[in-house]
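Engineer: Sharing a structure here in structure tokens format.
The values are calculated or read from the model by the stated rules, or taken from the named source; none is laboratory data. These numbers were taken from a predicted model, which means no experiment stands behind them. Using ideal geometry, Cβ is built from the backbone for each residue, glycine included, and neighbour counts are taken over all protein chains shown.
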Amino acid sequence: MNWTAIVPLKAAADRKTRLTGALDSGAQAALAEGMADHVMATLASVPAIASIWVLSPEPGDIPGTVWEPDHGKGLNAELDRVCAALAGKRLLVIHADLPLLCAEDITALIMAADAAGAAIATDRHGTGTNALAMREAVCVGFAFGPGSLALHVQRLPHATVIRREGLAIDIDTADDIAAAQSALPLGRW
């Protein structure tokens, strides 16, 4: 199994801006960078992940990754473009703000996709999509954003929906930080 992982990553100045009231800009940047590094390292630890592409408007210097330029057409349009280039290949799209992500989460997601053709990892609220895997990449029209789980299930009706803590807890708000802190063992956060 050779999977290509796509990790969308905003420009540094645009990351985690919804945390402005909870964290100062330096803390926001450090949190965003730390989570992205964690997600990249976790992906790299999974033998089935053959390549990691970072979809970003800024070229990165992340070891072991390939930079794919984001041309500013919006996340879903950019993912559709990349998906077209990878048509027929095993594709995983995963967000960079998953502080509890572990290799077992990724393995469970891609195994479910191998079995069903596609798998979708929901957020902790059960309404969003934090990761999506397809055994054979097809352009279904990505729909990341509010209410994305229902839209992705509609577009991929055969997909298995995965609910795992490491894939579900993403960091967008102060409440998300609290949820992650309560789920982590003491001393890890």
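Engineer: In region 85-99, is there at least one residue being touching a residue at least 24 places away in the same chain (Cβ under 8 Å), in a helix (DSSP H, G or I) and of a type outside the set (F, W, Y)?
Structural biologist: For region 85-99, residues touching a residue at least 24 places away in the same chain (Cβ under 8 Å), in a helix (DSSP H, G or I) and of a type outside the set (F, W, Y): absent.
Engineer: If you take the residues in region 1-34 that are β-branched (V, I, T) and at pLDDT below 75, which one is farthest from the chain's Cα centre (by Cα)?
Structural biologist: By that ranking, first place goes to T20.
Engineer: So N130 clears everything in (1) within 21 Å of S182 (Cα to Cα); (2) outside any strand (DSSP E or B); (3) polar (S, T, N, Q) except one condition, right? Which one?
Structural biologist: With (1) within 21 Å of S182 (Cα to Cα); (2) outside any strand (DSSP E or B); (3) polar (S, T, N, Q) applied to N130, the lone miss is (2).
Engineer: Now a separate question. Can we say L156 is touching a strand residue (DSSP E or B) at 6+ places or on another chain (Cβ under 7 Å), buried (at least 16 other Cβ atoms within 10 Å of the Cβ) and modelled with pLDDT under 95?
Structural biologist: Spelling it out, it is not the case that L156 is touching a strand residue (DSSP E or B) at 6+ places or on another chain (Cβ under 7 Å), buried (at least 16 other Cβ atoms within 10 Å of the Cβ) and modelled with pLDDT under 95.
Engineer: State whether one or more residues within region 126-143 are modelled with pLDDT under 95 and buried (at least 20 other Cβ atoms within 10 Å of the Cβ). Walk me through it before giving the result.
Structural biologist: Of all residues in region 126-143, those modelled with pLDDT under 95 come to 136-141.
Remaining after also requiring buried (at least 20 other Cβ atoms within 10 Å of the Cβ): 137.
Looking through region 126-143, at least one residue is modelled with pLDDT under 95 and buried (at least 20 other Cβ atoms within 10 Å of the Cβ).
Engineer: Another question about this same structure. Would you confirm whether any residue within region 107-123 is over 13 Å from the mean Cα position of the chain (by Cα), modelled with pLDDT of 90 or more and exposed (fewer than 14 other Cβ atoms within 10 Å of the Cβ)?
Structural biologist: yes
Engineer: Taking region 38-65, which residues are farther than 22 Å from A118 by Cβ and either surrounded by 13 or more Cβ atoms within 10 Å (Cβ to Cβ) or in contact with a His (Cβ under 8 Å, 6 or more places away or on another chain) (or both)?
Structural biologist: H38, M40, A41, A44, V54, S56, P57, E58, G60, I62, T65
Engineer: Which of (1) under 30 Å from A30 (Cβ atoms); (2) of a type in the set (D, E, K, R); (3) crowded, with 21+ Cβ neighbours inside 10 Å does E104 not meet, given it meets every other one?
Structural biologist: (3)
Engineer: List pairs: first in region 47-65 and among the small types (G, A, S), second in a loop (DSSP other than H, G, I, E, B), Cβ under 6 Å, 6+ apart or cross-chain?
Structural biologist: Listed pairs, sorted by first residue: A48/M1; A50/N2; S56/L9; S56/D70.
Engineer: State which residue is farthest from A108 (Cα to Cα) when the search covers only region 153-182 and only residues that are touching a helix residue (DSSP H, G or I) at 6+ places or on another chain (Cβ under 8 Å) and among the hydrophobic types (A, V, I, L, M, F, W, C).
Structural biologist: A174
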